Each structure stands twice: as C-alpha cells, then as structure tokens.
1. Could you grab the pairs with beta carbons closer than 6 Å, sequence gap of 6+ or different chains, first residue in segment 96-113 and within 19 Å of Asp61 (Cβ to Cβ), second one modelled with pLDDT under 90?
2. Look at His80 and say whether it is loosely packed, with under 14 Cβ neighbours inside 10 Å, free of Cβ contacts under 8 Å to residues at least 12 places away in the same chain and not aromatic (Phe, Trp, Tyr).
3. Got at least one residue in segment 68-85 being in a helix (DSSP H, G or I) and of a type in the set (Val, Ile, Thr)?
4. Anything in segment 1-21 that is among the aliphatic types (A, V, I, L, M) and either free of Cβ contacts under 8 Å to residues at least 40 places away in the same chain or over 23 Å from His80 (Cα atoms) (or both)? List them, or say none.
5. Given the conditions (1) loosely packed, with under 14 Cβ neighbours inside 10 Å; (2) closer than 15 Å to Asp2 by Cα, and given that Asp60 satisfies all but one, which numbered condition is not satisfied?
6. Of the residues in segment 22-58, how many are in a strand (DSSP E or B) and either in contact (Cβ under 8 Å) with a residue 24 or more places away in the chain or of a type in the set (Phe, Trp, Tyr) (or both)?
7. Which residues, taken from segment 45-57, are surrounded by 15 or more Cβ atoms within 10 Å (Cβ to Cβ) and closer than 18 Å to Val3 by Cβ?
Amino acid sequence: MDVQYPPEFRGSPEMAPLEQATALLTDIMGPQSSQRLKLAAWTRVQDHKGRPLYRLTVRDDFGDEASTDFAPDELQNPLHMRYRMPRLWGDLLKIRHDLLHQQALNLSNEITTG
C-alpha cells in the first residue's frame, strides 16, 4: 500500500498520529485485505468553521475510493480510532459490493429477458 502524507507533515508533531492511524487501518484490515488497498492518502482540510481536519482517502485495486475526516482530538483517542477505522474500510467494501451487486442484477436481467 502506498501511503501519502503532505510534505509539510514530515518531521512535524502532526505526523505521529497519522502514522498511528494508518498502522491501525492496516491492522484492522489484516494482511490479505491490506494487499487490496493501493493507496492511503492524508490531506489537511478545514471544517465549515475553519478548524483543521485530517482527511484519509483510501483506494483499492479496483479504483474504488472512500474517505473520512478526523479532528485532531479524534486522532489522539485510540478507542475512538478503533471504531472509526473499521467504518472507513467498511465504506470502501460497500462501494465494491454495491457495484458487484448491480453487475449481477444487470446480468440476471440480460439472461431473463434474452
């Protein structure tokens, strides 16, 4: 998996929580699933009030993508991150599932309608 951090994060105190969160995601996914993940990219964004957030975008080997935002205090809370990271992975799996389900329905319609 290619992990991307903005260059300005390197050597800054912001880097450690992002690295810990990335390691947690890899742990949660397990070795076989983490091979399917091709990209984990972190960026800094702002919420509607101008507060900093950290966005993690993940992309699998099919090109499907999911992302979520984390407040700095969330990244500091290991229990909270143990809840949030599986949800991100689940979001990505749901995208793939929905696409495969639609393909199966289309194929089934083609077969039944001749």
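1. Close Cβ pairs satisfying both conditions: none exist.
2. No; evaluated as a whole, the condition is false for this residue.
3. no
4. Within segment 1-21, Met1, Val3, Met15, Ala16 meet the criteria.
5. (1)
6. Of the residues in that region, 12 qualify.
7. Those that are surrounded by 15 or more Cβ atoms within 10 Å (Cβ to Cβ) and closer than 18 Å to Val3 by Cβ: Tyr54, Leu56, Thr57.
The values are calculated or read from the model by the stated rules, or taken from the named source; none is laboratory data. The shown structure was predicted, so the numbers you read here are calculated from the model rather than taken from an experiment. Positions of Cβ are generated from backbone atoms using ideal geometry, with glycine treated the same way; all protein chains shown enter the neighbour counts.
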